[in-house]
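Comments concern the structure below.
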Amino acid sequence: MTNLVLQHGLSFADLYDRDGLVRLDRAFVARLAETDVGLHDRLMTARRDPEAIERLEDSNLLVDLAPHLEDFVGGLFGIESEVRELQARHHELAPLYSVKRLFVQRRAVKGVKEADAVAIDGPGLARDLDRLMGAPPGEPIPQWERRYAEHVADWLENEAGNAEALDIAQRYAAWATLSPEGGRKHRRGVLFKVPHRLDMHHLVPVETVERDGVTMLRLPEDDWRRRDGFALTDRGTDLTGALDQANYCIWCHNQGKDSCSKGLKEKDGAFKKSVFGVTLAGCPLEEKISEMNLVKARGNSLGALAIVAVDNPICAATGHRICNDCMKACIYQRQEPVDIPQIETRTLKDVLAL
Ligand code: SF4
């Protein structure tokens, strides 16, 4: 590890040394001046007087710098092709999230009741779609959903010419999203989902069972995870799930309403409390979560991790299974919040895997 060869005449030991880090910073600033002089000037202005910079300009500066930093760090460690490959995996998944928002949620399920969805012949429409999309028999749901999203995105380019295919896709989406059978089929997918309303007194969907005269609460069997020794039973989300959440976020820093970071406030400026009396102060580190989500959604994992590290340099000790103050204070208070810890942890894992 200590023999890593770095660019710019730097050694691995330099990364632990102030003078080395100063040289590293100079190399980054020089590269930025070559590639985007306007952004370089904004960074220099902000550095000259950090107190004078407005919060939104601070956020925009970090978001705009993120892809440049990602390129630079990729070059520094000689992992440019791995970084590009990771970016490409993000971009390949992009149709899932645009089709989910614009076609499934805004169009297919609009005005459709569960009873209407149940009456739709979902399996029959799935066979029609398999034929139209050239799907192999028994294709796993995540791959099938990607195939569906890519085809719908293509068909939407010429709605009049693809009216029949779009009608089938639309009716299938209503069935898959709203009917219990469709929900079961796509339980492990991300495409056919609408945010559910929160029932604060029933947050964990337990059911009551009686065994040997003892009444117990338990999760539905589909949600059981088998314990094997002391290993974790929850591996956390994959990239598809993390990007689903990053795209569900509405990037509230643009309106100064990123309560996940700053907390939810009453009119008098005090923090709101949840129905359980928990203070909704948001992330104690005021991590720039909205900005992280935006940069991750754009496909820049290294850039997103860099934004996290500004306020939370030891983020390996936060995230999924560790903390969720941010999530409790998300702007979505009546429907399920953005699963921020999953995004943060997936981002860290994606970078560590480079
Ligand atoms: S996580 Fe929630 S509060 Fe934070 S920016 Fe996204 S939508 Fe807004």
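The values are calculated or read from the model by the stated rules, or taken from the named source; none is laboratory data. Computed from a predicted model, the values in this text were never measured in an experiment. Every residue, glycine among them, receives a Cβ derived from its backbone with ideal geometry; neighbour counts consider all protein chains shown.
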Quiz prompt | Residue identified as surrounded by 15 or more Cβ atoms within 10 Å (Cβ to Cβ) and farther than 21 Å from G303 by Cα among D14, D49, D19, D36 | solution = D14
Quiz item: Looking only at residues in the stretch 242-286 that are in a loop (DSSP other than H, G, I, E, B), within 14 Å of the ligand (Cβ to nearest atom) and charged (D, E, K, R), which one is farthest from H202 (Cα to Cα)?
Solution: E286
Quiz item: Taking the stretch 287-310 on its own, how many of its residues are surrounded by fewer than 20 Cβ atoms within 10 Å (Cβ to Cβ) and within 14 Å of the ligand (Cβ to nearest atom)?
Solution: 0
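Here's the yes/no breakdown for (1) among the aromatic types (F, W, Y); (2) closer than 30 Å to K328 by Cβ; (3) modelled with pLDDT under 95:
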| position | (1), (2), (3) |
| --- | --- |
| Q170 | no, no, no |
| A174 | no, no, no |
| K185 | no, no, no |
| E210 | no, no, yes |
| E221 | no, yes, yes |
| A231 | no, yes, yes |
| D244 | no, yes, no |
| C249 | no, yes, no |
Quiz item: Can we say L217 is over 26 Å from the mean Cα position of the chain (by Cα) and assigned by TED's automatic domain parsing to the domain that holds D130?
Solution: no
Quiz item: For V190, are the conditions met, namely being within 28 Å of D223 (Cα to Cα), under 22 Å from the mean Cα position of the chain (by Cα) and of a type in the set (V, I, T)?
Solution: yes
Quiz prompt | Yes/no for T208 being among the hydroxyl-bearing types (S, T, Y), within 16 Å of the ligand (Cβ to nearest atom) and either free of Cβ contacts under 8 Å to residues at least 24 places away in the same chain or assigned to a loop (DSSP other than H, G, I, E, B) (or both) | solution = no
Quiz item: Restricting the first residue to the stretch 49-71 and requiring it to be of a type in the set (D, E, K, R) and modelled with pLDDT of 95 or more, which pairs with a second residue that is outside any helix (DSSP H, G or I) and surrounded by 17 or more Cβ atoms within 10 Å (Cβ to Cβ) meet a Cβ separation below 9 Å and a spacing of at least six or different chains?
Solution: D58/K288; E70/N300
Quiz item: How many residues does the stretch 325-354 hold that are touching a helix residue (DSSP H, G or I) at 6+ places or on another chain (Cβ under 7 Å), within 11 Å of the ligand (Cβ to nearest atom) and either part of a loop (DSSP other than H, G, I, E, B) or closer than 17 Å to G74 by Cα (or both)?
Solution: 6
Quiz item: Can you spot a residue in the stretch 233-246 that is more than 18 Å from the chain's Cα centre (by Cα) and free of Cβ contacts under 8 Å to residues at least 40 places away in the same chain?
Solution: yes
